[in-house]
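What follows is a set of notes on a single structure, which appears directly below.
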Amino acid sequence: MSASIIGLGTEYLDNQPYSVVEKTIHAALEHEINIMDLFMPGDTVRANIGKALKGKRDKMLIQGHIGSTDLNDQYDISRDLNICKQYFENLLRNLDTDYIDLGMLCFMDSEEDLSLIFTNGIVDYALELKQKGIIRAIGASSHNPLVAKKLVEKGILDLLLFSINPAFDMTPADAYVLSTFDDSFADQQYESIDPRRAELYKVCEQNEVSITVMKTLGGGRLLTAEHSPFKKPLSVSQCIHYALTRPAVVSTLIGCQSHKQVEEAIAYLHQTDEERDYTAVIAGYQGDFKGNCVYCNHCQPCPVNIDIAMVNKYLDIASLNETQIPPSIRQHYLSLSAHGSDCIACGSCEEKCPFSVPIIDRMAKAGSLFE
């Protein structure tokens with residue numbers, strides 16, 4: 001499966017009339033958006049999305065969730081196997097489809113969640129669905145990098161839906177990021193990107209688990225100076241670019257409820273590197289992250305055409321375990337048109353790097369490690 005780098009989050013289509021759902025989804029398809037996340041459990045929104053996709057089902061990869069319910073008429077998470085089956089089968093009926101592309105283990109945010117799905121039959125159910133072709137791949141959604149990393153290392157996932165934006169990445173890994181969505185969001189102090197969150201993305205790529213991104217815009221709060229913890233607004237494109245430059249990320253799912261909002265997200269594809277640049281925000285909060293590559297490409301152009309950010313990204317992933325570099329990571333590196341060993345140590349990149357990364361040394365290390 002190949003996903004568009006801009007995807008559609010559908011949460012804002014809940015409780016909307018069918019006309020809004022149809023216009024939004026058709027706008028996404030017109031702009032070649034081909035992946036969406038559908039976690040809402042209600043019959044009406046599911047049926048409206050299914051109706052909007054009628055005749056176009058093969059054009060859209062759907063992330064459908066196992067465990068999302070609306071018991072007692074409110075959104076909830078269930079770890080009861082029979083209830084999970086009931087709501088997942090309902091999803092298939094509402095969408096009028098016989099398969100879901102990505103069957104998502106829903107809201108894996110605690111150690112208890114992790115333990116339960118392996119003991120109550122939910123993981124076995126997902127594996128059975130995949131074996132039968134009812135789902136094409138197994139994924140999970142999470143906001144907790146510590147739990148997500150443990151789940152990735154279990155070896156059952158093809159995909160992780162994770163909340164990524166600059167503010168979340170600078171939140172301690174053991175803090176619950178969704179709690180930052182209250183009025184205190186702009187009052188928090190940020191000093192550096194939490195290394196455990198950064199490690200999760202590398203572990204995902206190391207294990208060939210793709211990441212799709214939720215909360216890319218921080219619920220819209222990162223777009224205003226008033227609510228952003230950085231005291232200055234980021235643009236939609238800057239938020240998207242930040243997420244897309246993390247290891248393993250394949251798509252950012254932007255919540256939209258109109259043709260205009262779809263076009264605002266798609267505008268990213270037509271903007272310049274300068275318009276996408278997020279480093280002015282991060283550089284002011286780099287703290288002890290100084291010296292680490294954030295894959296921003298400020299170092300370009302390279303006179304010998306090394307893609308420095310990609311070399312650094314593969315080096316970071318390989319450095320998690322240098323004695324057992326995944327063959328796919330080595331192959332990705334070797335497929336680059338220029339390698340670390342091609343570096344002529346001119347120093348141009350280091351002069352332009354806003355994070356003081358020792359690029360020349362890292363190019364040499366990549367050459368010795370991969371080549």
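Which FRET efficiency value, to the nearest 0.05, do you get for Ser368 and Ser192 by plugging their Cβ-Cβ distance into 1/(1 + (r/R0)^6) with R0 = 30 Å? Kindly include the intermediate steps, with their values, before the conclusion.
Details: r = 28 Å, r/R0 = 0.94.
Here the calculated transfer efficiency is 0.60.
Considering the dipole of the chain built from charges on the beta carbon (Lys and Arg +1, Asp and Glu -1) around the Cα centre, which of Tyr268, Gln238, Ala137 is farthest to its positive end?
Ala137
With both partners inside region 59-165, how many of the DSSP beta bridges are antiparallel, as a percent to the nearest 5?
15 percent
Only four residue types carry charge here, +1 at the Cβ of Lys and Arg and -1 at the Cβ of Asp and Glu. Report the dipole size of region 84-188 about the Cα centre in Debye, rounded to the nearest 20.
500 debye
With +1 on the Cβ of every Lys and Arg and -1 on the Cβ of every Asp and Glu, and nothing else charged, how large is the dipole of the chain about its Cα centre, in debye rounded to the nearest 20?
600 debye
Under 11 Å from the Cβ of Met36, count the other residues' Cβ atoms, weight Lys and Arg +1, Asp and Glu -1, and hand me the total.
Here the count lands on -2.
May I ask you to compute the full-extension gain from Gln324 to Asp98, defined as 0.36 nm times their residue separation minus their alpha-carbon distance, rounded to one decimal in nm?
So the extension gain works out to 77.4 nm.
Could you let me know the centre-to-centre spacing of region 190-241 and region 103-147, using Cα atoms, in angstrom?
What the calculation gives is 24 Å, centre to centre.
Hey, with R₀ at 30 Å, roughly what FRET efficiency would Asp70 and Asn292 work out to, going by the Cβ-Cβ distance, to 0.05?
Details: r = 43 Å, r/R0 = 1.43.
Here the calculated transfer efficiency is 0.10.
Would you kindly state how much longer the chain becomes between Leu146 and Ser2 on full extension, computed as 0.36 nm times their sequence separation minus their alpha carbon distance, in nm to one decimal?
Numbers: separation 144, 0.36 × 144 = 51.84 nm, distance 2.74 nm.
Contour length minus Cα-Cα distance gives 49.1 nm.
Residues in region 309-328, backbone N under 17 Å from the label point at Leu334 (7 Å along the Cα-to-beta-carbon vector): list them, ranges by number please.
311, 314-315, 318, 323-328
Taking Cα centroids, how far is region 292-327 from region 251-281 in Å?
The distance from the Cα centre of region 292-327 to that of region 251-281 comes to 25 Å.
Answer with one residue from Leu92, Ile77, Leu127: the one whose Cα lies farthest towards the positive end of the charge dipole of region 15-138, charges on Cβ with Lys, Arg +1 and Asp, Glu -1.
Comparing the listed Cα positions along the dipole, Leu92 ranks first.
What accessible surface, in Å², does a 1.4 Å probe find on Lys85, ignoring ligands, DNA and RNA and rounding to the nearest 10?
Its heavy atoms expose roughly 70 Å² to the probe.
Give, as a single signed number, the net charge of other residues whose beta carbon lies under 13 Å from the beta carbon of Ser115, with Lys and Arg counted +1 and Asp and Glu -1.
That works out to -1.
Among DSSP beta bridges whose residues both lie in the chain, state the antiparallel percentage, nearest 5.
5 percent
Tell me the net charge near Lys365. Cut-off is 13 Å between Cβ atoms, Lys365 excluded, with +1 for each Lys or Arg and -1 for each Asp or Glu.
Working: positive: Arg362; negative: Asp316, Glu322, Asp361, Glu371.
Counting the neighbours of Lys365, the net charge comes to -3.
Sorted by accessible area (1.4 Å probe), largest first, how do Asp342, Asp70, Asp37 line up?
Details: Asp342 65, Asp70 45, Asp37 15 Å².
Sorted descending by solvent-accessible area, the residues read Asp342, Asp70, Asp37.
Could you point to the residue in Phe168, Leu217, Pro247 farthest towards the positive end of region 140-259's charge dipole, with +1 and -1 charges on the Cβ of Lys/Arg and Asp/Glu respectively?
Comparing the listed Cα positions along the dipole, Pro247 ranks first.
Quick one: check the C-alpha center-to-center distance for region 73-88 versus region 1-50, whole angstrom.
Taking the Cα centre of region 1-50 as reference, the centre of region 73-88 is 21 Å away.
At 0.36 nm per residue, minus the direct Cα-Cα distance, what do Glu128 and Gln300 gain on full extension? Give it in nm, one decimal, please.
Extending this stretch completely gives an extra 57.2 nm.
The values are calculated or read from the model by the stated rules, or taken from the named source; none is laboratory data. Everything quoted here is computed from the prediction, not taken from an experiment. With ideal geometry, Cβ positions are generated from the backbone for all residues, glycine too; neighbour counts draw on all protein chains shown. Note: accessible area is taken over every heavy atom of the protein model, side chains too, but ligands, DNA and RNA are not part of it. Shrake-Rupley method; radii C 1.70, N 1.55, O 1.52, S 1.80 Å.
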